[in-house]
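Participant: Starting off with a structure, shown below.
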Amino acid sequence: MLAAGLGTRMRSARAKVLHELGGRPLVRYPLAAVAGLEPARIVVVVGHQADEVRSAVLASGLPVDTVVQAEQRGTGHAAQCAVPALGDFDGDVLILYGDVPLVTTATLRRLRDAHRTEGADVTLLTMRFADPTGYGRILRDDAGHVRSIVEHRDASPEERAITEVNPGLYCVRSDVLVPLLGELRADNAQGELYLTDVVGLAARAGHTIASVELERPEEVAGINTRAELAQMEATLRDETTRRWMDAGVTFEDPATAYVGPDVTIGRDTVIGPNVVLRGATRIGEGCRIDGTAFLVDTMLGARVHLLFACSSDGAAIGDDAIIGPFARLRPGTELGPRVHIGNFVETKKAVVGAGTKANHLTYLGDCEIGPDTNVGAGTITCNYDGSTGKKSKTTIGARVQIGSDVQLVAPVTVHDDAYVGAGTTVTRDVPAGALVVTRTPPRVVEGWVNRRRAGAKARPAAPAVAVKAPKPVKARAKAKTPRAAKSRAVAKPRGRRTGRRS
Ligand code: UD1
Ligand code: MG
């Protein structure tokens, strides 16, 4: 597989095969298709951003060898670079490009099988495009045999009118391929060694050339520009949602559902508008995602209900849980069955037991919570010490009641059945069944409001009110006004200061 090019037409600093389709680098797609054939070896030619492309290739987990094409002198040159890696391999070599992502294993198998049943030396796929711009054209002789391939840039107007094109998938006997690669010359518009010239050289040398025309050309379309990438994204998206609809999933608006290639979705799940499912996300059966959700590597059990606007990365959510609206689940979140996570609740490394609820405005980080506990509104697990970067753990038992506006200063444990009063800052462990509460008794000043308003009326204007402001901090800040008045008074001797302070 050839994946060394920069992809000039992408106008990008990134190698083309690293651009993403369905949230996954382009290069991974043809690789997965080829792996389905279980070939003896897979060799990928890398060049531009070789290290990054190699990592993307290895991330597939497939046994792949990479070779480096240090200077990109064309697809024929890239194939030459792969020859030493073939070693003493003797058999059929499948050559494909890293920028043809939608090709399937079935199509590659068809190419290989045709090659073998026809006993050909070289076999290629062909397709017809109403607008073949950019593709190499297939030239045939009067008997209909493939004679050669001419690149778009090198083609005459008559040749450009040919709509049968080369998708760039070939099967060649190794003993035919290697000597012909040695004969390639760069006498063309781009001054490159073209792999496509192998076909013409093989025909001239009297080798047998077979071809298979594909019915669905979209499958082997190459990506050379951002517009083609966007088009392909739409095609892929369409195919994916269709596949899941066939498997029993409802999409309220398939046009705004973005389901990645590795995502799985259970039967009778309903997906609302504007939902993005990425990475290794797995959705169970009978779930409901209301709309506007962004889920990466997230597991949903059965019958989970995600209300409007949830974001989740690396979370696992148990059966019958209810999440959102506006919930943010971060990596390490593990929610048991029937858990409720409500609006404006953030979780990270939070293991939450069955039936536990945290319904409003809460941060649960680095914590473990038992079953059937209720976490009140505005609860914060204070996990970060603010300087060393160390995160400490909060442990909360089963059936615990945590009141509203509680801070749990980790490391701390609240044992089973304990109650934490509203407004409490928990700084040490709470035994099972205990009540913990920190309260400053409220001070009630009877009649304070009326006195304050009466005072305001007695004073003529704004500066006096500012001086009377109840909080010392504010009073200082506003004190500027009377000071300014004072300086004015100095400047204008006839002015009179007002307010009780005078
Ligand atoms: C190529 C074919 C063209 C075919 C089209 C199908 C040639 C000369 N032309 O054109 O007939 O219709 O694909 O999509 O082969 N690469 C390298 N090293 C290089 C140059 C390219 O590894 O020096 C890799 C690229 O990373 C890419 C692939 O080869 O994955 C194809 O290169 P690209 O430049 O896209 O060729 P096309 O112009 O599309
Ligand atoms: Mg291309």
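The values are calculated or read from the model by the stated rules, or taken from the named source; none is laboratory data. These figures come from a predicted structure and were not determined experimentally. Neighbour counts are summed over all protein chains in view; Cβ atoms, including those assigned to glycine, are modelled from backbone coordinates with ideal geometry. To get the accessible areas, we keep the full protein, side chains included, count just its heavy atoms, and leave off ligands, DNA and RNA. Shrake-Rupley method; radii C 1.70, N 1.55, O 1.52, S 1.80 Å.
Participant: Out of curiosity, is P39 modelled with pLDDT of 95 or more, open to solvent by 70 Å² or more (accessible area, probe 1.4 Å) and either more than 9 Å from ligand 1 (Cβ to nearest atom) or out of contact with any His (no Cβ under 9 Å at 6 or more places or on another chain) (or both)?
Facilitator: Spelling it out, it is not the case that P39 is modelled with pLDDT of 95 or more, open to solvent by 70 Å² or more (accessible area, probe 1.4 Å) and either more than 9 Å from ligand 1 (Cβ to nearest atom) or out of contact with any His (no Cβ under 9 Å at 6 or more places or on another chain) (or both).
Participant: How do the pairs read when you match residues in the stretch 131-151 that are of a type outside the set (K, R) with residues anywhere that are surrounded by 22 or more Cβ atoms within 10 Å (Cβ to Cβ) and part of a loop (DSSP other than H, G, I, E, B), using Cβ under 7 Å and keeping only pairs 6 or more apart or on different chains?
Facilitator: Between residues of the stretch 131-151 that are of a type outside the set (K, R) and residues that are surrounded by 22 or more Cβ atoms within 10 Å (Cβ to Cβ) and part of a loop (DSSP other than H, G, I, E, B), the close pairs are G136/T196; I149/T196; E151/Y194; E151/T196.
Participant: How many residues are open to solvent by 50 Å² or more (accessible area, probe 1.4 Å), within 15 Å of ligand 2 (Cβ to nearest atom) and either of a type in the set (A, V, I, L, M, F, W, C) or touching a residue at least 24 places away in the same chain (Cβ under 8 Å) (or both) if we restrict to the stretch 219-242?
Facilitator: Residues flagged as open to solvent by 50 Å² or more (accessible area, probe 1.4 Å), within 15 Å of ligand 2 (Cβ to nearest atom) and either of a type in the set (A, V, I, L, M, F, W, C) or touching a residue at least 24 places away in the same chain (Cβ under 8 Å) (or both) within the stretch 219-242 amount to 2.
Participant: Looking for whichever is of a type outside the set (F, W, Y), modelled with pLDDT of 95 or more and over 39 Å from the mean Cα position of the chain (by Cα) here; the options are V172, V176. Which one fits?
Facilitator: Matching residue, one of V172, V176: V176.
Participant: Quick check, is V199 touching a residue at least 40 places away in the same chain (Cβ under 8 Å), touching a strand residue (DSSP E or B) at 6+ places or on another chain (Cβ under 6 Å) and within 14 Å of ligand 1 (Cβ to nearest atom)?
Facilitator: Yes: the conditions hold for V199.
Participant: Where in the stretch 276-369 are there strands (runs of 3 or more DSSP E), lying wholly inside it, with at least 1 residues that are of a type in the set (A, V, I, L, M) and at pLDDT 95 or above?
Facilitator: Strands (runs of 3 or more DSSP E) meeting the threshold: 293-296, 327-329, 340-352, 357-369.
Participant: Would you confirm whether any residue within the stretch 84-99 is more than 14 Å from ligand 1 (Cβ to nearest atom), within 25 Å of R24 (Cα to Cα) and out of contact with any strand residue (DSSP E or B) (no Cβ under 8 Å at 6 or more places or on another chain)?
Facilitator: No, the stretch 84-99 has no match at all.
Participant: With the condition kept exactly as written, say whether any residue in the stretch 20-39 is part of a strand (DSSP E or B) and more than 16 Å from ligand 2 (Cβ to nearest atom).
Facilitator: Checked against the condition, which is being part of a strand (DSSP E or B) and more than 16 Å from ligand 2 (Cβ to nearest atom), the stretch 20-39 yields at least one hit.
Participant: While we're looking at this one, here's another question. Buried (at least 17 other Cβ atoms within 10 Å of the Cβ), part of a loop (DSSP other than H, G, I, E, B) and touching a residue at least 12 places away in the same chain (Cβ under 8 Å): does that describe R73?
Facilitator: For R73, the condition - buried (at least 17 other Cβ atoms within 10 Å of the Cβ), part of a loop (DSSP other than H, G, I, E, B) and touching a residue at least 12 places away in the same chain (Cβ under 8 Å) - is met.
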